[in-house]
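*Asks:* To start, I am sharing the structure in question, which I have written as structure tokens.
Bear in mind that the values in this text are calculations on the coordinates, not laboratory data. Only a predicted model underlies this, so the values are computations on that prediction, with no experimental measurement involved. Note that we place each Cβ from the backbone using ideal geometry, even for glycine, and neighbour counts take in every protein chain shown.
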Amino acid sequence: MEHFDAVIVGAGVVGLAIAAKLSEQFSKVLLIDKNACFGEETSSRNSEVIHAGIYYPSSSLKAKLCVQGKEALYRYCEKMQIPHQRLGKFLVAHNEDDEDFLHKTVTLAEQNGVCDLTWRTQSQLRAIEPELAASAALSSPSTGIIDVHSYMQSLLVTFQQNGGLFVANTKMNAAEPMNNGFELQITSVNDAITLSTQYLINSGGLHSSKVATTIAGLAADSIPALHYCRGHYFSYMGKSPFEHLIYPIPEANGLGIHASLDIGGQLKFGPDTQYINELSYGVDEQLREKFYLAIKQYFPRINREKLQPAYAGIRPKLQGENDGFCDFKIQTSKEHQVGGLVNLYGIDSPGLTSSLAIAEYVLQSLLDD
């Protein structure tokens, strides 16, 4: 029976970051994913935005890991020559209530260690972004964009150069705690394999709760229910009217239908929020009117016909449709009483931005176990 120092289940962007980090510390690390390639789900279906860390409660992991992860991610991109840009974003207001929210946001951001937000008046905005309609806005210069696929590919190469092994089309069926680790039953393609590992990291994303049910000794009441929240995106044909990212005031369970650019300069709008019961990635053309009406508030000259269905992503949320804020849940042995195990639940936005900081957090939790 082959033995590994650590096994990571799930090769999304967070699983890849954890694998790369653990491969610096341990000589035999295995990363598995049930899909045919890495990053096929949430990690490849998002806005590709590097978030500043301004919205989250100051005591939350999302606030701490987003701010730490943002700086680490920019450094990584520069070192590894990953395509990225610090475009900056405008969080826009349309009335006094919105402006009150922006003032509160500045205070929260400063509590989170984000001290670079600046106020923009309507006349200043008109000079910077002539097509933008807003009474005022906050400018966030540390918000940016990244080529997520290049980033994930780089993490995988780093992992493999450190001696790590990535195996796709592989599913964990069962994990049994034993002395100093776990015995795992996995299926790789059609082969049943038994192996052992000292550490086990469940980074299954949309499937993390399901993966957790296969781990013996883990109390059922320690495994949270995950909610699938689908977000649709529409691309916008032609040259982008904006040079920055444009965000409305956040909505429940999301940041609102915002305008973002990819590395190639393509403008897209989204995501919205739609809770669903099964994984499905379709984009209904009838959503165009909903998007048009939302976008028109800050882009009044929008051409409805230039909006084209693009793609959808699904976020693994801990909060239900009518629930309040839920933080990342990175569950260590101190919480679930199973040594050597880390379960990651509800790693939605800002999971991408936080990925390197999450990886460091996981490593430290293992070393402290």
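*Asks:* Could you tell me the convex hull volume per residue, in Å³, taken over the Cα atoms of the stretch 177-267?
*Replies:* 197 Å³
*Asks:* While we're looking at this one, here's another question. Set the Förster distance to 22 Å, then compute FRET efficiency between Lys104 and Ser240 from the Cβ-Cβ distance, nearest 0.05.
*Replies:* The pair Lys104/Ser240 has a calculated efficiency of 0.15.
*Asks:* What does the stretch 36-152 give for Rg and for Dmax, in Å, if only its C-alpha atoms count?
*Replies:* Cα radius of gyration and Dmax of the stretch 36-152 are 15.8, 51 Å respectively.
*Asks:* Starting from one equal scatterer on each C-alpha and no solvent at all, send me the Debye-based log10 I(q)/I(0) for the stretch 127-215 at q = 0.13, 0.19 Å⁻¹, two decimals.
*Replies:* Summing over Cα pairs of the stretch 127-215 leads to -0.65, -1.06.
*Asks:* Follow-up question, since we're still on this one. Let me check I have the definition right: for the stretch 254-338, take the eigenvalues of the Cα gyration tensor, multiply each by 5, take square roots. What are those semi-axes in whole Å, largest first?
*Replies:* 33, 14, 13
*Asks:* Of the options Ala134, Gly163, Ser123, report the single residue whose Cα projects farthest towards the positive end of the charge dipole of the stretch 119-198 (beta-carbon charges: Lys, Arg +1; Asp, Glu -1).
*Replies:* Going by the Cα projections, it comes out as Ser123.
*Asks:* Got a sec? Charge dipole of the stretch 277-369, +1 on Cβ for Lys and Arg, -1 for Asp and Glu; which of Ala357, Gly282, Ile330 is way out at the positive end?
*Replies:* Working it through, the farthest residue towards the positive pole turns out to be Gly282.
*Asks:* Let me ask another. For the chain, would you read off the P(r) tail past 30 Å as a percentage of all alpha carbon pairs?
*Replies:* 38 percent
*Asks:* Over the stretch 1-156, what is the percentage of antiparallel beta bridges among all DSSP beta bridges, to the nearest 5?
*Replies:* The antiparallel fraction comes to roughly 75 percent.
*Asks:* Distance in nm between label sites at Asp191 and Asn179, each 7 Å beyond Cα in the beta-carbon direction?
*Replies:* Spacing of the two 7 Å Cα→Cβ label points: 2.9 nm.
*Asks:* Roughly how many whole Å is it from the C-alpha centroid of the stretch 310-326 to that of the stretch 31-70?
*Replies:* If we compute the Cα centre of each part, the gap is 13 Å.
*Asks:* Arrange Arg288, Arg230, Arg75 by Cβ neighbour counts within 10 Å, fewest through most, would you?
*Replies:* Starting with the residue having the fewest Cβ neighbours, the order is Arg75, Arg288, Arg230.
*Asks:* Mind putting a number on the dipole of the stretch 193-320 about its Cα centre? Charges go on the C-beta only, +1 for Lys and Arg and -1 for Asp and Glu, and I need it in Debye to the nearest 20.
*Replies:* In total the dipole reaches around 260 debye.
*Asks:* Another one. Longer than 18 Å from Cα to Cα, which of Lys104/Lys317; Lys62/Lys329; Lys64/Lys329; Lys268/Lys290; Lys268/Lys296 are they? Say none if no pair is.
*Replies:* Pairs exceeding the cut-off: Lys104/Lys317.
*Asks:* Let me ask another. How far is helix 96-111 tilted off the main Cα axis of the chain, in degrees rounded to 10, range 0 to 90?
*Replies:* Relative to the chain, helix 96-111 is tipped by roughly 40 degrees.
*Asks:* Compute a Gaussian network model of the chain, connecting alpha carbons closer than 10 Å, and tell me which residue from Ile82, Ile50, Ile18 fluctuates the most.
*Replies:* Looking only at Ile82, Ile50, Ile18, the biggest GNM fluctuation is shown by Ile82.
*Asks:* Applying the Karplus parametrisation 6.51 cos²θ - 1.76 cosθ + 1.60 with θ = phi - 60° to the phi angles of the stretch 21-38, what ³J(HN,Hα) value in whole Hz is obtained for each residue in order, glycine and proline being reported as x?
*Replies:* Once θ is set to phi - 60°, the couplings for the stretch 21-38 become 5, 5, 6, 6, 9, 10, 7, 10, 10, 10, 10, 10, 8, 6, 8, 7, 8, 6 Hz.
*Asks:* Which ³J(HN,Hα) values in Hz, rounded to whole numbers, follow from the phi angles of the stretch 59-68 under the Karplus curve 6.51 cos²θ - 1.76 cosθ + 1.60, where θ = phi - 60° and Gly and Pro get x?
*Replies:* Working through the residues one at a time gives 8, 7, 5, 4, 5, 5, 6, 5, 5, 5 Hz.
*Asks:* Angle between the Cα long axis of helix 148-161 and the longest principal axis of the chain, 0 to 90 degrees, nearest 10?
*Replies:* The helix 148-161 is inclined about 30 degrees to the chain.
*Asks:* Here is a further query. Please state, to two decimals, what the Cα-based radius of gyration of the stretch 1-83 comes to when divided by 2.2 N^0.38 Å (N = residues).
*Replies:* 1.27
*Asks:* On to the next question. Would you work out the charge dipole size for the stretch 80-237 about its Cα centre, treating the Cβ of every Lys and Arg as +1 and the Cβ of every Asp and Glu as -1, and quote it to the nearest 20 debye?
*Replies:* 360 debye
*Asks:* Stretch His3-Ala220 to full length: gain in nm at 0.36 nm per residue minus the Cα-Cα span?
*Replies:* 75.4 nm
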